[in-house]
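Below: the structure, in structure tokens.
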Amino acid sequence: MSVAGTYETVVKSPMGDQKGTFTVVPGDDGKTFTGSMAGGMGSMDVKDGTIDGDTLRWKMDMTVPMPMTLDCTADVNGDQMTGKVNAGAFGDMPLTGERKD
């Protein structure tokens with residue numbers, strides 16, 4: 001099954017649950033993807049997105065509440081996504097999501 005789609009996500013952050021909409025748009029090669037994560041703190045574009053089977057890896061540049069690069073990994077199983085967002089000194093934050101389309 002393709003990893004493409006729009007996922008409703010929750011990141012368990014030190015500031016509470018951060019809900020967002022994560023879009024995954026695979027490239028023509030099937031090994032890269034683009035997309036974005038939109039939520040209460042704005043929208044961040046996917047950078048360096050790669051697909052390895054059902055595993056996604058990507059980075060996002062966060063600006064609010066402070067500038068930093070988030071390093072993300074998630075596994076897609078059917079319509080469910082589980083993974084983590086690494087926020088540097090703040091460590092790993094659990095990520096979950098469900099595909100909506």
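Some observations on this one:
- Some residue of segment 42-52 being loosely packed, with under 15 Cβ neighbours inside 10 Å and assigned to a loop (DSSP other than H, G, I, E, B): no
- Scanning segment 6-42 for residues that are over 12 Å from Met93 (Cα atoms) and among the hydroxyl-bearing types (Ser, Thr, Tyr) yields Thr6, Tyr7, Thr9, Thr21, Thr23, Thr32, Thr34, Ser36.
- Any hit, segment 23-30, residues being touching a Gly at 6+ places or on another chain (Cβ under 8 Å), part of a strand (DSSP E or B) and closer than 17 Å to Val85 by Cα: yes
- From Thr96, Thr6, Thr73, residue being free of Cβ contacts under 8 Å to residues at least 60 places away in the same chain, among the hydroxyl-bearing types (Ser, Thr, Tyr) and either touching a Gly at 6+ places or on another chain (Cβ under 8 Å) or assigned to a strand (DSSP E or B) (or both): Thr73
- Flag for Leu95 being over 14 Å from Val3 (Cα atoms), of a type outside the set (Asp, Glu), in contact with a strand residue (DSSP E or B) (Cβ under 9 Å, 6 or more places away or on another chain) and surrounded by 14 or more Cβ atoms within 10 Å (Cβ to Cβ): yes
- Gly35 vs. criteria in contact with a Phe, Trp or Tyr (Cβ under 9 Å, 6 or more places away or on another chain), part of a strand (DSSP E or B), surrounded by 15 or more Cβ atoms within 10 Å (Cβ to Cβ) and on the phi < 0 side of the Ramachandran plot: no
Laboratory data are not the source of any read-out in this text; all were calculated from the coordinates shown. From a predicted model like this one, the values you see are computed outputs, not experimental measurements. Virtual Cβ from ideal backbone geometry, glycine too; neighbours counted across all protein chains shown.
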